[in-house]
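Since the structure comes first, as structure tokens, the remarks are kept for the end.
The values are calculated or read from the model by the stated rules, or taken from the named source; none is laboratory data. Since the model is a prediction, treat every value here as computed from it, not as a measurement. We place every Cβ from the backbone using ideal geometry, glycine too, and count neighbours over all the protein chains shown. All accessible areas refer to the heavy atoms of the entire protein, side chains included, with ligands and DNA or RNA removed. Shrake-Rupley method; radii C 1.70, N 1.55, O 1.52, S 1.80 Å.
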Amino acid sequence: MLSYKEFLAAGGEAKWQKKWLNTKIDRADDFGAKPKKYILDMFPYPSGAGLHVGHPEGYTATDIYSRYLRLKGFNVLHPMGWDAFGLPAENYAIKTGTHPRLTTEQNIATFKRQIQSLGFSYDWDREVDTTDPKYYKWTQWIFLQLFKKGLAYEATVPINFCPSCKTGLANEEVKNGKCDRCGTAVERRDMRQWMLKITAYADRLLKGVDQLDWPQSIKILQKNWIGRSEGAEVDFKIAGSDKKITVYTTRPDTLFGATYMVLAPEHQLAQELKGQISNFAEVEAYIDSAKNKSDLERTELNKDKTGMELKGIKAINPVNNAEIPIWISDYVLASYGTGAIMAVPAHDDRDFEFAKKFDLPIIEVIVPERIDKRNPPVDGKEKVERKNVQVVVRNPRTGKILVLHSKKYNWNTFPMGGMSEGEEPLAAAKREVLEETGYKHLANGKILGGQVRAEYFANHKGVNRVSYTNLIQFDLVDEEQAEIAEEEKEAQNEILWLEPEKLTVDFMVHAEMDIWLERIKKGDIAYTDVNNGLMVNSEFLNGLAPAEAISKMTAWLEEKGYGRKAVNYKLRDWVFSRQRYWGEPIPLVHCKKCGTVTLDEKDLPLTLPEVEKYEPTGTGESPLATIDEWVNTTCPNCGGPAKRETNTMPQWAGSSWYWLRYIDPHNDTAIAAAEKMKYWLPVDLYLGGAEHAVLHLLYARFWNMVLFDIGVVPQEEPFAKLVNQGLILGEDGEKMSKSRGNVVNPDDILKEYGADTFRLYEMFMGPLEDMKPWSTKNILGVHRFLNKAWDIGRQTLSKEEKSEVEVILDKTVKKVGEDIETMSYNTAISAMMILFNEIPDAKAVSREQWEKILIILSPFAPHLAEELWEKLGHTDSIFKESWPQYDPEKIIDAEKEIPVQVNGKIRAKLILPTDATEEAVKTAALADKNVKKYLIGEPKKIIFIKGKLISIVT
RNA sequence: GCCCAAGUGGUGAAAUGGUAUACACGACAGACUUAAAAUCUGUUGGUCGCAAGGCCGUGAGAGUUCGAGUCUCUCCUUGGGCACCA
């Protein structure tokens with residue numbers, strides 16, 4: 001028999017691949033009697049670069065799982081296909097004039113050859129290709145259903161436009177203000193678009209997430225993207241007008257602190273009231289400049305807020321009838337909520353920044369609250385309120401901060417004291433510093449944030465104090481000190497100058513210290529915490545916690561007719577049209593008489609016409625618009641002249657339902673037969689990269705829900721379980737990229753080591769979900785392992801049962817099976833390596849044992865296992881076998897090494913029977929000479945865990 | 001700024017609260033060989049010790065526990081996502 005190297009060189013793997021393909025051994029059996037499993041890979045975009053080492057990582061993982069499930073007696077659907085519409089083929093067409101269909105065909109051929117050379121057990125009879133008219137007929141059909149349900153609509157909206165790809169983009173395709181595909185900064189443009197009303201499904205998409213067996217991080221990503229928030233709408237009247245401004249807020253509790261309004265530049269009120277706005281020319285100029293700003297300028301370069309007051313008009317705060325100014329600013333988004341806000345600078349960071357810049361009033365309506373843990377208030381004692389200041393004195397020359405250490409009370413404080421009636425906080429602070437420290441010259445006085453309420457028991461007075469404290473900051477001008485005031489001497493204060501990092505919550509006695517630390521670090525900031533504090537300056541809300549105030553205020557607004565409960569989502573409707581050639585044509589016509597009319601379903605597919613130039617026009621029209629004979633058609637409704645819709649669908653369309661087509665890929669009367677979908681759905685395992693967390697996975701769920709609603713699919717959620725494979729990095733630990741030159745081509749590895757080694761290596765690298773670097777050196781380890789397996793397989797096996805192998809073999813069968821179920825392939829492989837390390841040669845295993853070994857190895861290294869299986873004289877495939885059983889009794893070792901801990905440290909390891917009793921282990925442990933050495937006196941407590949350890953505490 | 005995940009030998013990485021570093025790579029030493037490759041055997045966290053054995057050790061610090069890589073809190077670092085969403 002050949003050596004492993006010779007087997008590989010002779011194309012032994014290809015031989016089996018061909019055989020598996022020809023015998024259709026991996027065919028999924030519709031309505032099969034065995035229990036079904038649907039194991040799905042995210043299908044690839046067949047790029048010109050060919051397969052990347054990242055692709056086979058996921059494919060190998062699902063392949064092992066699928067092969068295992070078949071051995072376990074399941075009827076497995078495991079298909080593969082091509083997500084082949086998309087920009088690269090089209091951009092290549094623009095450059096070279098090659099038809100994208102041609103490029104796509106070639107790329108698919110390459111991908112298919114590469115994927116098949118890895119020995120994956122796909123049912124190739126079910127291959128799909130999104131660019132095949134027989135496939136996109138049904139993509140177009142789904143679009144028509146969306147249109148008929150009112151979920152597809154046309155709108156001229158400001159969208160993200162990529163000037164390089166010359167097409168509009170969905171929000172999901174914009175990353176940091178740049179095009180996700182090409183990295184060009186996107187522009188905002190008003191364009192006629194087809195939109196899909198995914199927002200109508202926001203709540204269901206959100207609620208459905210909880211039921212899914214998906215990675216927690218992906219679920220959170222989807223939830224955040226949908227971004228549901230609860231709050232209230234509030235109507236503000238405009239003084240001297242019948243117009244009003246409706247705002248959305250999540251913080252109706254802070255309504256008494258609303259000191260101005262802000263409208264988005266696109267808000268129509270400015271236009272409606274332009275007659276009353278005295279500075280309208282200026283306002284209009286501001287609106288124009290905001291319109292021309294790209295998203296990048298609006299967000300990333302937002303260091304400074306801009307805005308313009310609408311002079312001559314005022315809004316009326318419904319809670320207190322206060323007249324407040326109305327501003328316009330691009331920090332308010334037209335596309336969220338109502339496009340207008342009430343600004344509460346004391347309790348919102350953005351409003352605070354804006355108010356500081358334009359010198360608008362700030363009213364605090366919530367005071368943070370702290371209870372002194374070291375000195376908590378005592379029940380039944382009198383409560384005495386007082387106003388305090390605490391003072392941070394910084395020495396700007398050393399950066400140090402002044403702290404008083406009281407020898408009498410043994411605590412550290414800032415200079416502090418009560419404010420007298422009518423005294424300003426800054427003046428009080430200066431006075432306290434002088435009295436307590438003698439420092440005379442302070443400068444740059446600043447109040448850091450609002451008051452903080454603290455409760456504590458004042459021991460020396462026998463009362464509960466409730467203090468309202470402001471933190472004041474000063475710079476020390478010079479060291480000149482006056483005599484310390486007589487009444488302060490009693491505390492025996494020592495003046496310390498300390499590094500700021502020394503001042504911690506534990507070091508200082510103040511209950512407010514955590515808040516002070518944040519303010520010292522960040523300066524004057526808004527208090528935005530909704531979970532702590534008491535309402536003040538808010539009439540009927542005073543004394544409530546913010547959460548209570550929210551419901552009370554909302555009820556009040558509803559009662560008075562000034563507002564109502566409201567819910568908002570960050571999710572926007574899906575911009576569904578692209579101004580490109582290589583996509584599904586949208587099956588609609590525009591008729592002067594009938595408006596927008598759908599094509600008849602019998603006229604689908606609407607195929608892509610041939611075109612001379614693939615270049616987008618860049619004017620909001622796709623290249624299809626230039627083909628008159630295609631564009632000009634007749635209306636299916638009235639028969640009169642009509643024009644075809646020239647936008648195409650985004651790449652996400654074809655991938656939003658492809659898993660349904662695998663179920664019945666050649667059906668030309670439905671996307672798939674209903675009974676077949678009922679049999680196969682849902683997808684039991686879906687595996688792919690995390691980069692699709694909010695794009696494909698959200699769109700796919702949306703389409704599936706719509707198809708569910710119209711009775712086409714049997715389940716609301718398509719993918720029961722989702723697993724993300726981690727990225728494979730280059731050998732240098734960086735992302736693989738052509739420009740870095742660290743890309744590994746699977747073909748090279750296959751040529752040198754074979755498919756089984758490649759599969760095994762990728763699974764042995766580490767946990768499937770982790771990001772991990774490629775290391776060509778490490779391939780040798782798994783290759784040696786397979787070599788060893790091969791060598792044993794070449795030799796003559798033992799004629800008799802070998803009991804010493806039996807125990808470890810059964811352990812391995814158990815471990816490998818369990819690890820496959822959790823997709824912990826790295827440890828499954830390691831378990832098999834351990835097994836082989838116990839087998840010096842073929843004489844150590846019987847035929848029966850060797851067959852077991854080959855079967856558990858077969859999902860990982862199918863070619864090698866199949867070849868060695870055949871060598872045993874079998875004429876049928878190893879993959880028709882069953883997963884081996886193991887005897888749970890047998891895998892328990894008779895003896896175990898039991899560690900002995902004395903006071904938590906291991907002092908001895910005893911070899912004892914696994915089922916030794918506590919008494920026996922104790923006796924043995926106490927007799928050990930090293931244990932004796934560390935036993936001082938009688939053991940106080942002994943913890944015994946059978947078969948695990950004994951721990952002695954003295 | 002907010003949300004999520006992760007920090008363990010020279011490297012990829014193991015470890016239901018119970019013997020930290022399994023398995024593999026690399027390195028070192030040896031066997032086979034004229035030699036090299038391949039293969040096989042042994043050693044391989046740091047440190048002290050002739051040895052028995054001791055001490056230290058899972059990003060840092062605290063806590064819970066007889067016992068913490070694992071649980072809790074604070075912090076640091078890296079990666080990913082979101083980012084004026086009121």
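Some notes on this structure:
- Scanning the range A:666-703 for residues that are away from RNA strand B (no atom under 16 Å from the Cβ) and either of a type in the set (D, E, K, R) or touching an Asp or Glu at 6+ places or on another chain (Cβ under 7 Å) (or both) turns up A:668, A:672, A:673, A:675, A:676, A:678, A:679, A:682, A:684, A:687, A:701.
Per-residue answers, yes or no, for (1) surrounded by fewer than 18 Cβ atoms within 10 Å (Cβ to Cβ); (2) at pLDDT 95 or above:
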residue	(1), (2)
A:23	yes, yes
A:51	no, no
A:64	no, yes
A:80	no, yes
A:87	no, no
A:93	no, no
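- On the stretch given as the range A:665-681, residues that are crowded, with 19+ Cβ neighbours inside 10 Å and not hydrophobic (A, V, I, L, M, F, W, C) total 1.
- Residue, surrounded by the most Cβ atoms within 10 Å (Cβ to Cβ), within the range A:813-824, restricted to residues that are assigned to a helix (DSSP H, G or I) and of a type outside the set (Asp, Glu): A:816
- In this structure, residue A:361 does satisfy being assigned to a loop (DSSP other than H, G, I, E, B), farther than 30 Å from residue A:159 by Cβ and either at pLDDT 90 or above or open to solvent by 60 Å² or more (accessible area, probe 1.4 Å) (or both).
- Matching option when the condition is at negative phi and more than 42 Å from the chain's Cα centre (by Cα), among A:427, A:346, A:355, A:340: A:427
- Members of the range A:21-33 that are touching a helix residue (DSSP H, G or I) at 6+ places or on another chain (Cβ under 9 Å) and part of a loop (DSSP other than H, G, I, E, B): A:24, A:25, A:26, A:27, A:28, A:30, A:31, A:32
- In the range A:726-783, of all residues being away from RNA strand B (no atom under 13 Å from the Cβ) and farther than 27 Å from residue A:121 by Cα, the one that is least open to solvent (accessible area, probe 1.4 Å) corresponds to A:742.
- Residue match in the range A:846-854 (condition: open to solvent by 40 Å² or more (accessible area, probe 1.4 Å) and within 14 Å of RNA strand B (Cβ to nearest atom)): no
- Selection of the range A:315-345 for residues being within 28 Å of residue A:227 (Cα to Cα), more than 8 Å from RNA strand B (Cβ to nearest atom) and open to solvent by 10 Å² or more (accessible area, probe 1.4 Å) yields only A:327.
- Per-region count, the range A:597-621, residues open to solvent by less than 50 Å² (accessible area, probe 1.4 Å) and within 21 Å of residue A:141 (Cβ to Cβ): 8
- Considering the range A:382-433, the qualifying strands (runs of 3 or more DSSP E), each wholly inside and each with 3 or more residues that are at pLDDT 90 or above and under 22 Å from residue A:455 (Cβ atoms), run over A:383-395, A:416-418.
- Residues within the range A:838-861 that are within 24 Å of residue A:824 (Cα to Cα), part of a helix (DSSP H, G or I) and hydrophobic (A, V, I, L, M, F, W, C), tallied: 6
- Restricting the search to strands (runs of 3 or more DSSP E) fully inside the range A:862-954 and requiring at least 3 residues that are open to solvent by less than 50 Å² (accessible area, probe 1.4 Å) and within 15 Å of RNA strand B (Cβ to nearest atom) gives A:895-902, A:905-913, A:949-953.
- Test result for residue A:278, away from RNA strand B (no atom under 11 Å from the Cβ), among the small types (Gly, Ala, Ser), in contact with a strand residue (DSSP E or B) (Cβ under 7 Å, 6 or more places away or on another chain) and open to solvent by 10 Å² or more (accessible area, probe 1.4 Å): yes
- Scanning the range A:114-130 for residues that are in contact with a Pro (Cβ under 8 Å, 6 or more places away or on another chain), in a loop (DSSP other than H, G, I, E, B) and not aromatic (Phe, Trp, Tyr) yields A:118, A:119, A:121, A:123, A:127.
- Meets criteria (within 15 Å of residue A:572 (Cα to Cα), within 14 Å of RNA strand B (Cβ to nearest atom), touching a residue at least 12 places away in the same chain (Cβ under 8 Å) and open to solvent by 10 Å² or more (accessible area, probe 1.4 Å)) for residue A:157: no
- Long-range neighbours under 6 Å by Cβ, at least six apart or interchain, first residue under 23 Å from residue A:72 (Cα atoms) within the range A:817-846, second within 11 Å of RNA strand B (Cβ to nearest atom) and assigned to a loop (DSSP other than H, G, I, E, B): A:823/A:768; A:826/A:766
- Among the residues making up the range A:433-471, those that are among the polar types (S, T, N, Q) and open to solvent by less than 30 Å² (accessible area, probe 1.4 Å) are A:437, A:464, A:467, A:469, A:470.
- Per the conditions (1) touching a residue at least 40 places away in the same chain (Cβ under 8 Å); (2) more than 44 Å from the chain's Cα centre (by Cα), the sole criterion not satisfied by residue A:392 is (2).
- Condition check for residue A:827: within 12 Å of RNA strand B (Cβ to nearest atom), open to solvent by 70 Å² or more (accessible area, probe 1.4 Å) and more than 30 Å from residue A:873 (Cα to Cα): no
- Between A:915, A:887, the distinction of being in contact (Cβ under 8 Å) with a residue 60 or more places away in the chain and over 30 Å from residue A:9 (Cβ atoms) belongs to A:887 only.
- Those residues of the range A:346-375 which are among the basic types (Lys, Arg) and either over 30 Å from residue A:571 (Cβ atoms) or more than 13 Å from RNA strand B (Cβ to nearest atom) (or both), in sequence order: A:356, A:357, A:370, A:373, A:374
- Within the range A:247-275, if we keep just the residues that are touching a residue at least 12 places away in the same chain (Cβ under 8 Å), more than 17 Å from residue A:350 (Cβ to Cβ) and open to solvent by 30 Å² or more (accessible area, probe 1.4 Å), the residue that is farthest from the chain's Cα centre (by Cα) turns out to be A:272.
So that you can scan it fast, the table gives a plain yes or no per residue for (1) in contact with a strand residue (DSSP E or B) (Cβ under 8 Å, 6 or more places away or on another chain); (2) among the charged types (D, E, K, R); (3) modelled with pLDDT under 90:
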position	(1), (2), (3)
A:776	no, no, yes
A:780	no, no, no
A:792	no, no, no
A:806	no, yes, yes
